[in-house]
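Just so it is clear, none of the values below were taken in a lab; they were calculated from the coordinates. A quick note: this is a predicted structure, and the numbers were derived from the prediction, not measured. Cβ sites come from the backbone with ideal geometry, for glycine too, and all protein chains shown count toward neighbours.
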Amino acid sequence: MWNNRNILITGADGFIGSHLTEALIKRGARVTALALYNAFDRNGWLDELDSELRANIRIVRGDVRDAKLAINPAGELVMMTAMQLFGAKSAI
């Protein structure tokens, strides 16, 4: 299902986002990880992933509120939340 799909993960530098990134890479997805810029030049929890996995992640520094990042995706783009991937049900 995820093999060769282009996936954009916002908040990928956080705890949940980094685990989602790892899971999708292992399932064959091509992941672009959006990480909020910080003055320490770190990618948050993504820096803790195995170097082989990290080599397969395209890390983009930016802010999800920047319209240019949302308008110019390369190829097929699937924006999703961790809740959608893990099958959480809405209360509404």
On a full-extension model of 0.36 nm per residue, what is the gain between Arg61 and Asn4, subtracting their alpha-carbon distance, rounded to one decimal in nm?
18.3 nm
Order the peptides 8-14, 53-59, 37-43 from the highest to the lowest mean number of other Cβ atoms within 10 Å of their residues.
8-14, 53-59, 37-43
